[in-house]
Amino acid sequence: MRSGLRFGLLLGLTVLVVDQASKWLAFNSLSPYTPEALLPLVNLTLAFNTGAAFSFLADAAGWQRWLLIGVAVVVSLYLLHWLRSLAGGRRLEAAGLGLILGGAVGNLIDRVRLGAVIDFIDVHYGGWHWPAFNVADAAITVGVVMILLTAWLDWRRAR
């Protein structure tokens, strides 16, 4: 197995385990939609998102669950293919792909099991709240930034 594939899969598995463990703790320790202060700007608030990012499609009639499951499966398979095809030495790209893959599978598990994704991190300031999120969402975000950084560095090298 190529080192980039191994590294990406190991990182993805780590994200998946941490994500599912943190969601299990949140589900079993927090009351739904009841904020618990963690830090001055961070609450733990158990929430369930039936939609996609920023609750997009959350108000749909239920069909979005199957659409989002399908999208997650297709994206995960594509990410696996991308990871397998990476040339050696592409560690930053492998890390980004692994983070996205682990996060996608973590949220996919919730969607299949519960019909919604468990969110519990609530960042706020004054009366403003960022939409609740979870470890998988954070990993996907960081992974996308790493992929964009890789593309930018490749573009700079090519110039």
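Inside the range 67-79, can you point out the residues that are within 18 Å of A151 (Cα to Cα) and buried (at least 17 other Cβ atoms within 10 Å of the Cβ)?
L79, the sole residue that qualifies.
A quick yes/no check of all residues on (1) touching a strand residue (DSSP E or B) at 6+ places or on another chain (Cβ under 9 Å); (2) surrounded by 22 or more Cβ atoms within 10 Å (Cβ to Cβ); (3) in a helix (DSSP H, G or I):
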site	(1), (2), (3)
W82	no, no, yes
G102	no, yes, yes
V123	yes, no, no
P131	yes, no, no
D137	yes, no, yes
V142	no, no, yes
I147	no, no, yes
L153	no, no, yes
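Looking only at the range 1-28, which residues are modelled with pLDDT of 95 or more, touching a Leu at 6+ places or on another chain (Cβ under 8 Å) and open to solvent by 20 Å² or more (accessible area, probe 1.4 Å)?
Once the filter is applied, which keeps residues that are modelled with pLDDT of 95 or more, touching a Leu at 6+ places or on another chain (Cβ under 8 Å) and open to solvent by 20 Å² or more (accessible area, probe 1.4 Å), the range 1-28 yields L9, L11, F27.
Would you say G98 is open to solvent by less than 70 Å² (accessible area, probe 1.4 Å), touching a strand residue (DSSP E or B) at 6+ places or on another chain (Cβ under 9 Å), modelled with pLDDT of 95 or more and closer than 22 Å to I147 by Cβ?
no
Which of the residues that make up the range 29-59 are surrounded by 13 or more Cβ atoms within 10 Å (Cβ to Cβ), modelled with pLDDT of 95 or more and small (G, A, S)?
A47
Return yes when G62 is open to solvent by less than 70 Å² (accessible area, probe 1.4 Å) and either β-branched (V, I, T) or on the phi < 0 side of the Ramachandran plot (or both) and no when it is not.
Criteria not met by G62.
How do the pairs read when you match residues in the range 140-152 that are among the polar types (S, T, N, Q) with residues anywhere that are open to solvent by less than 80 Å² (accessible area, probe 1.4 Å), using Cβ under 8 Å and keeping only pairs 6 or more apart or on different chains?
What qualifies is T150/R90; T150/L92; T150/E93; T150/G96.
Just one of (1) part of a helix (DSSP H, G or I); (2) hydrophobic (A, V, I, L, M, F, W, C); (3) more than 17 Å from G51 (Cα to Cα) trips up A87, so point out which.
(1)
The values are calculated or read from the model by the stated rules, or taken from the named source; none is laboratory data. The model shown is predicted, which means the values in this text are computed figures rather than measured ones. With ideal geometry, Cβ positions are generated from the backbone for all residues, glycine too; neighbour counts draw on all protein chains shown. In case anyone asks, the SASA skips ligands and DNA or RNA and just uses the protein heavy atoms, side chains included. Shrake-Rupley method; radii C 1.70, N 1.55, O 1.52, S 1.80 Å.
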